[in-house]
Amino acid sequence: MTTILRVAVPGPLRQLFDYLLPAEYAPQSLRPGVRLRVPFGRRAVVGILMAVAEHSELTPQQLRTVSEILDSEPVLSAAMLELIEWAADYYQHPIGECIANALPVLLRQGDAAAANELRWRPTVAGLALPQGALKRAPQQALVLAQLQQDVSLNAEQLRAHGASAATLRAMVAKGLIERFASASTSSPAIESAKEVAPTLTDEQRDVIDAVAPSFGSFNCYLLEGVTGSGKTEVYLRLIEQALARGEQTLVLIPEIGLTPQTLARFQHRLATSIVALHSGFNDSERLQAWRSARSGSAGVLLGTRSAVFAEFDRLGLIIIDEEHDSSYKQQDGFRYSARDIAIKRAADLKIPIMLGSATPSLESLHNALSGRYRHLQLRARAGGAATPLLEVLDIRHAPMRDGLSPRVIEAISATLRRGEQALVFLNRRGFAPTLLCHDCGWIAQCPHCDTRLTVHASARQLRCHHCGYNKSLARICPDCKSPQLEFRGPGTERLEMALHELFNDVPIVRIDRDTTQRKHAMREKIAAIQQEQPCILVGTQMLAKGHHFPAVTLVVMVDIDGALFSADLRGPERMAQVLTQVAGRAGRAEKAGQVLVQTHYPAHPLINDLVHTGYHQFARKLLAERRATAAPPFSYFALLRADARTLAEAEEVLAAVRAQIAAHPVQIFGPLPAPMSRRAGLFRAQLLLNAPQRTLLHRAAHAAVICAEQLAAARRVKWSVDIDPIDFS
Ligand code: ADP
Ligand code: ZN
Ligand code: ZN
């Protein structure tokens, strides 16, 4: 009898491939989830064994033989394989690519899944050492800063950062760093010095008491807690309970939500080793974190989206912080929602999961209000902080200065005089969003996209924020040769300069994608803010993500008018979330906060509702509207996209797909050009499917994918399917 191995190989193919087992292996020793090196076309690739079978549709002559079996133990557990197969089916994505998303890069390339590498990490004393304390030993200061940022490094990585053996010895002697076997189960240093936990508020206690009985069984909780209400404290207490049961916790956080502060806060409170997994880490660090979770040596894994696929020895609890954050949905390739997969995973494993947010997504809110999730609330801020007061500023007729009204300038000035900090929020980076010729009306456009180029003044460039195209800033109009070029509209760079002129005696800290690219930039900026000296923060929504800035008492929203008229279905929801989250940075400590919202439309219902009733009521009203229009979460969407060299080509493919699925009981819109009809040189078209039930939508989307796969014309276009899309651009 022959043994057939059914293998998932990385790549865009929606099928498994059959291989023969080499003669020297006994079939009993093989379990699904082990990695195999197999010949594929003219290459050798690392695939995952999905099943062992006795028959193949191919003849033995057609079958090729596995070249190498890489693992004795599966790298992916049976439960994980099942979860990935479910996700591949749900999101209509090739299984090989789904698996590739679940595995650290080095495992995909064939590295060993377990190891006992010796690594360095900071001790508690090292973590707590204030900046500047190692002033006389700059080399040591550098190494410590690196370890505080990266959590742990191996000898080779430290050498790459310039650490000599003598430096490391000196730091060990001072008790600042230590070596540990990365797969070991103990972490004595972390267990020694613990911060004292605050006494829980009654609301926090109620939440914890409500969740505690469900350890060991599935339950999904939505924790709706206003900004600063102490959600993190709730997470910490629940994690402690999981640890006491000998169980691990997976904590998912948004893409840029993980700061060394978050990590330190967890490390100072929890008697376990905590590992972090996010895109800022290199491949070996990611593999390291993955191994610690899998071996059980780490009690907590703190990670961004892809950490939802991390393996654990005994996972007992999942927490998703800022569950409304759009970074949980992958926007290309395998377009999964980490939040939704996490809920499925918790249900499979029969463990509790908590979704936390001050501004829950309408999906989660609907599930909570309809009783599918248990709804828990924290209505008051913890630690005595007051909820900030929102005030709408009518800026019609106001003499503006680089986007700032006199009232705002006065408020910033008063804040600084009191020795406090102001945060100025504008969701647009660069100097100005438009370069316009005053004499002929010419506007700088991206040659590859259907969008304007943004002026970046200090780099003296025009840049496309969609495709990365850039060119140097012209001094004269290319059309009429006039030198009357105008920078229209504000960006964060422009605000920074304007504020600098207005308030030249305080530091201005700008936080956006342009100023935080350098590796430690974000950390240095946040450290500067946390000195609590008077300063002005300027930034995009990077500022809105969960930071705790105790000295900020004034928040200014420079321009929200664009968001009021967004054509996007989720425009109002997103606007309300960003506004509430940014406002939530104000007055988080003892001092009360003030929030000023500049607008030309003070009577706009979106603003009024939000300001007067708060997100809690506002979101319920949006839900009622969605119900009335049968929009999600009261119906379900799938979006088929096609990108091609001409719009006709893209639309032709989608039209052919539409014809094939016409009999399905779903509504079909399109083919239509995408709202951004051209990006990075390709024309973009869309076909939108909508159905009142998931199963109907799923069947139609599946049929559409099968059709597109078989369509000859589809090979010339880039097509994709997005289930539960959140971005319709
Ligand atoms: P959230 O995550 O809900 O925005 P945090 O967990 O960051 O809120 O808490 C906000 C602040 O309140 C933090 O400084 C935290 O230390 C403090 N805090 C939380 N719970 C309590 C409590 N029970 N007593 C006193 N202070 C608390
Ligand atoms: Zn001109
Ligand atoms: Zn472009």
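The values are calculated or read from the model by the stated rules, or taken from the named source; none is laboratory data. Bear in mind the structure is a predicted one, so any value in this text is a computation, not a measurement. For neighbour counting, all protein chains shown are included, and Cβ atoms are generated from backbone atoms with ideal geometry for every residue, glycine included.
Here is a yes/no grid of residues against (1) surrounded by 13 or more Cβ atoms within 10 Å (Cβ to Cβ); (2) touching a residue at least 40 places away in the same chain (Cβ under 8 Å):
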site	(1), (2)
Val45	yes, no
Thr59	no, no
Arg64	yes, yes
Ala102	yes, yes
Leu107	yes, yes
Asp111	yes, yes
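Taking Tyr615 and the conditions (1) out of contact with any strand residue (DSSP E or B) (no Cβ under 8 Å at 6 or more places or on another chain); (2) away from ligand 1 (no atom under 16 Å from the Cβ), which numbered condition does it fall short on, given that it satisfies the others?
(2)
Quick check: anything in the stretch 454-468 in contact with a Lys or Arg (Cβ under 6 Å, 6 or more places away or on another chain), in a strand (DSSP E or B), within 16 Å of ligand 2 (Cβ to nearest atom) and over 25 Å from Gln598 (Cβ atoms)?
There is at least one residue in the stretch 454-468 that is in contact with a Lys or Arg (Cβ under 6 Å, 6 or more places away or on another chain), in a strand (DSSP E or B), within 16 Å of ligand 2 (Cβ to nearest atom) and over 25 Å from Gln598 (Cβ atoms).
From the set of residues in the stretch 479-491 that are more than 40 Å from the chain's Cα centre (by Cα) and not hydroxyl-bearing (Ser, Thr, Tyr), which is farthest from ligand 1 (Cβ to nearest atom)?
Within the stretch 479-491, the match that is farthest from ligand 1 (Cβ to nearest atom) is Lys481.
Does Ala307 count as closer than 22 Å to Glu363 by Cβ and assigned to a helix (DSSP H, G or I)?
yes
I'd like the full set of residues that are over 24 Å from Gly33 (Cβ atoms) and surrounded by fewer than 21 Cβ atoms within 10 Å (Cβ to Cβ), limited to the stretch 311-334.
Across the stretch 311-334, the qualifying residues are Ser326, Ser327, Lys329, Gln331, Asp332.
Failed condition for Gly230, given (1) at pLDDT 95 or above; (2) farther than 24 Å from Arg119 by Cβ; (3) crowded, with 20+ Cβ neighbours inside 10 Å; (4) within 16 Å of ligand 1 (Cβ to nearest atom), with all others met?
It is condition (1) that Gly230 fails.
Could you please find all residues in the stretch 379-403 being of a type in the set (Lys, Arg) and surrounded by fewer than 15 Cβ atoms within 10 Å (Cβ to Cβ)?
Once the filter is applied, which keeps residues that are of a type in the set (Lys, Arg) and surrounded by fewer than 15 Cβ atoms within 10 Å (Cβ to Cβ), the stretch 379-403 yields Arg379, Arg396, Arg401.
Hey, can you tell me all the residues within the stretch 273-286 that are more than 19 Å from the chain's Cα centre (by Cα) and surrounded by fewer than 22 Cβ atoms within 10 Å (Cβ to Cβ)?
Ser284
Which helices (runs of 4 or more DSSP H) does the stretch 334-452 wholly contain that include 3 or more residues that are within 30 Å of Leu243 (Cβ to Cβ)?
338-349, 362-369
Regarding Leu36, is this residue surrounded by 15 or more Cβ atoms within 10 Å (Cβ to Cβ), outside any loop (DSSP other than H, G, I, E, B) and within 34 Å of the chain's Cα centre (by Cα)?
yes
Looking only at the stretch 72-95, which residues are outside any helix (DSSP H, G or I) and either among the small types (Gly, Ala, Ser) or at negative phi (or both)?
Ser72, Glu73, Pro74, Val75, Leu76, Ser77, Tyr91, His93, Pro94
Exactly one condition in (1) of a type outside the set (S, T, N, Q); (2) within 16 Å of ligand 3 (Cβ to nearest atom); (3) free of Cβ contacts under 8 Å to residues at least 60 places away in the same chain is not met by Arg475; state its number.
(2)
Can you tell me how many residues in the stretch 18-44 are in contact with a helix residue (DSSP H, G or I) (Cβ under 9 Å, 6 or more places away or on another chain) and either modelled with pLDDT of 90 or more or among the hydrophobic types (A, V, I, L, M, F, W, C) (or both)?
Of the residues in that region, 4 qualify.
Could you pull out the residue among Ser337, Ser327, Ser292, Ser306 that is away from ligand 1 (no atom under 16 Å from the Cβ), over 21 Å from the mean Cα position of the chain (by Cα) and hydroxyl-bearing (Ser, Thr, Tyr)?
When all the criteria are applied, what remains is Ser292.
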